[in-house]
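Here is the structure we will look at.
The values are calculated or read from the model by the stated rules, or taken from the named source; none is laboratory data. As the structure is a prediction and not an experimental result, all values here were calculated from the model. FYI the Cβ positions are ideal-geometry reconstructions off the backbone, even for glycines, and counts take in every protein chain you see.
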């Protein structure tokens, strides 16, 4: 069986998505362990220019197509090219970072190829003919070991879990000739998030506010986030109150985050919120209720009024940063 | 406008999850089951479209017999009829197997639009909706926060990496619902009474023209565990908020190596 690993690369005018670089690192590791090559597939206009970056992160071959139907991204044309190429190249594993774009491709690709898929993967190993992945269930309340059989196996690693690894691959560029069908669902406009707004699921630090914020003014948290280079999140209570957009919600019915630092301000720590942030490396909680469940999950807790503590923390960190 | 809504019954998000002794499954006794929260947005959107344009709303659910409660909940909100796809072979099926069963059930129905939650909050995979679209050979829009029917097309707003996008798709299409799409209504007492009399058809794989082999899993859960416990945390001491904040800043920088 071919031991190659194919990586579906996502990119924008800002370059290769961090989640794709992480996926390349994982692919390189799997390929090296089993004597295969890493095939990177950045589909769409501008993909070819990314070849040096992809090679510097482990890609042996870079397969590109600038067909006009591939830009902007639409699921069906991308799927058509990917299905054809995966059929031709027969990789053992296909990897794509679990971004929102991946959510558009994962289920369709699985159905098209009759291939098993694991989403939000935290670790992977190959075991004979099977791929063994660990992924969270029930919003992270439980971890499941999953055995996937079939070829290829589709893996969608959770962002911020696998490291970006600078490791050289051969980086040979090939242009794909297959014609691409027009999409039946196409993007008409992209509405960029406000400048400076960081993506929650990819941020290295997250500062979140809950019911204790007592209103829609999160400027205090935004200032702290500024010092920490963090994204700003919110609990379900804060979102349900209409204080923050639903896209900011961290929890089982919102986004799952796994940053290096998570600062929970005025969040009591409902089970469904804890599920969304339990993979954070360092957790800080600020809450005036000493019995709040969030303190059970926090590495560092401050019992106190967040409206007093947070500005002082911002000032103290700013001072230390110099 | 004939609309299909896919729903799934899942454990309540506030429920603590316990694992069976053999670690192969969760313990379901005493568990409170609810309609997957994202599916409620899908049901609500279907009802709003039917109210504006006429037509029907059919709820399709795959799951064990208890799942009929999820269908009844959607019927109580106002959906017209339900189909429960239930078969022992589905109990070990993976996302693709479930998608195949659902697609087969949908093929037997008239539809212009299929709505589903963007993911179920039990296995959190988000694979089934787009997989059903693929199997039905129709376009899909995932993570929709707005859906507008315009003749033979839909115009959606949807979450995207780094922002949001508007997407136009031809009908029939499948749309997965994201939080923010709408505020689902509560079922009225009248709605709950009426729901008891609405038709719910139960189908097994044979009735759908499938066999157990069609839904045989290629992925299977071989062990459940809990995330590692965090070592007990430390409550930062200090006289004033300022003292505590300064001590917290110190430990974050010096011990946790933040910044």
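Every condition in (1) at the interface with chain A (Cβ under 8 Å from one of its Cβ atoms); (2) surrounded by 24 or more Cβ atoms within 10 Å (Cβ to Cβ); (3) touching a strand residue (DSSP E or B) at 6+ places or on another chain (Cβ under 6 Å) is met by residue B:102 except one, and the failing one is (1). Only residues that are in a loop (DSSP other than H, G, I, E, B) and more than 15 Å from residue A:280 (Cα to Cα) were counted across the range A:236-268, and they come to 10. Residue selection: residue A:200 satisfies the criterion of being more than 10 Å from chain B (Cβ to nearest Cβ) and either crowded, with 23+ Cβ neighbours inside 10 Å or in contact (Cβ under 8 Å) with a residue 12 or more places away in the chain (or both). When you check residue A:10 against the structure, is it modelled with pLDDT of 95 or more, closer than 29 Å to residue B:157 by Cβ and surrounded by fewer than 20 Cβ atoms within 10 Å (Cβ to Cβ), yes or no? When the stated conditions are applied, residue A:10 does not pass them. Checking each residue in the range A:158-195 for being crowded, with 17+ Cβ neighbours inside 10 Å, closer than 30 Å to residue B:226 by Cβ and touching a helix residue (DSSP H, G or I) at 6+ places or on another chain (Cβ under 6 Å) picks out A:159, A:162. Check whether at least one residue in the range A:134-157 is surrounded by fewer than 16 Cβ atoms within 10 Å (Cβ to Cβ) and under 28 Å from residue A:273 (Cα atoms), and report yes or no. Taking every residue of the range A:134-157 in turn, none turns out to be surrounded by fewer than 16 Cβ atoms within 10 Å (Cβ to Cβ) and under 28 Å from residue A:273 (Cα atoms). For the range A:221-235, a residue qualifies if it is over 18 Å from the mean Cα position of the chain (by Cα) and part of a loop (DSSP other than H, G, I, E, B), and exactly one does: A:235. Only one entry in A:264, A:231, A:298 is within 27 Å of residue B:16 (Cβ to Cβ), touching a residue at least 24 places away in the same chain (Cβ under 8 Å), crowded, with 17+ Cβ neighbours inside 10 Å and in contact with a helix residue (DSSP H, G or I) (Cβ under 8 Å, 6 or more places away or on another chain), namely A:264.
Among the residues of the range B:23-65, those that are part of a strand (DSSP E or B) and touching a residue at least 40 places away in the same chain (Cβ under 8 Å) comprise B:26, B:56, B:57, B:58, B:59, B:60, B:61, B:62. If you go through the range B:35-49 one residue at a time, do you hit one that is surrounded by fewer than 14 Cβ atoms within 10 Å (Cβ to Cβ) and out of contact with any helix residue (DSSP H, G or I) (no Cβ under 6 Å at 6 or more places or on another chain)? No, the range B:35-49 contains no residue that is surrounded by fewer than 14 Cβ atoms within 10 Å (Cβ to Cβ) and out of contact with any helix residue (DSSP H, G or I) (no Cβ under 6 Å at 6 or more places or on another chain).
The set of residues from the range A:1-36 being over 22 Å from residue A:160 (Cα atoms) and touching a helix residue (DSSP H, G or I) at 6+ places or on another chain (Cβ under 6 Å) comprises just one member, A:3.
Number of residues in the range B:133-187 that are at the interface with another protein chain (Cβ under 7 Å from one of its Cβ atoms) and either in contact with a strand residue (DSSP E or B) (Cβ under 9 Å, 6 or more places away or on another chain) or in a strand (DSSP E or B) (or both) equals 22.
Is it true that residue B:84 is more than 18 Å from residue B:186 (Cβ to Cβ) and touching a helix residue (DSSP H, G or I) at 6+ places or on another chain (Cβ under 7 Å)? For residue B:84, the condition - more than 18 Å from residue B:186 (Cβ to Cβ) and touching a helix residue (DSSP H, G or I) at 6+ places or on another chain (Cβ under 7 Å) - is met. Taking the criterion of being more than 17 Å from residue A:220 (Cα to Cα) and free of Cβ contacts under 8 Å to residues at least 60 places away in the same chain, the residues of the range A:301-322 that qualify are A:301, A:303, A:320, A:322.
Listed here are the residues, each with its yes/no results for (1) buried (at least 23 other Cβ atoms within 10 Å of the Cβ); (2) at pLDDT below 95.
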residue	(1), (2)
B:113	yes, no
B:119	yes, no
B:124	no, yes
B:131	yes, no
B:135	no, no
B:142	yes, no
B:148	no, no
B:152	no, no
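Where helices (runs of 4 or more DSSP H) fall wholly inside the range A:1-116, the ranges with 2 or more residues that are without any contact (Cβ under 8 Å) to a residue 12 or more places away in the chain and touching a strand residue (DSSP E or B) at 6+ places or on another chain (Cβ under 8 Å) are A:100-113.
Residue A:221 is checked against (1) crowded, with 18+ Cβ neighbours inside 10 Å; (2) more than 29 Å from residue B:227 (Cβ to Cβ) and fails just one. What number does that condition carry? Residue A:221 satisfies every listed condition except (2). When residues in the range B:239-259 are screened for being on the phi > 0 side of the Ramachandran plot and either at pLDDT 95 or above or facing chain A (nearest Cβ under 7 Å) (or both), 1 of them pass. Checked against (1) over 28 Å from residue B:166 (Cβ atoms); (2) facing chain B (nearest Cβ under 9 Å), residue A:168 passes all but a single condition, namely (2). Is there a residue in the range B:226-233 that is within 7 Å of chain A (Cβ to nearest Cβ) and touching a residue at least 60 places away in the same chain (Cβ under 8 Å)? So far as the range B:226-233 goes, yes, one or more of its residues are within 7 Å of chain A (Cβ to nearest Cβ) and touching a residue at least 60 places away in the same chain (Cβ under 8 Å).
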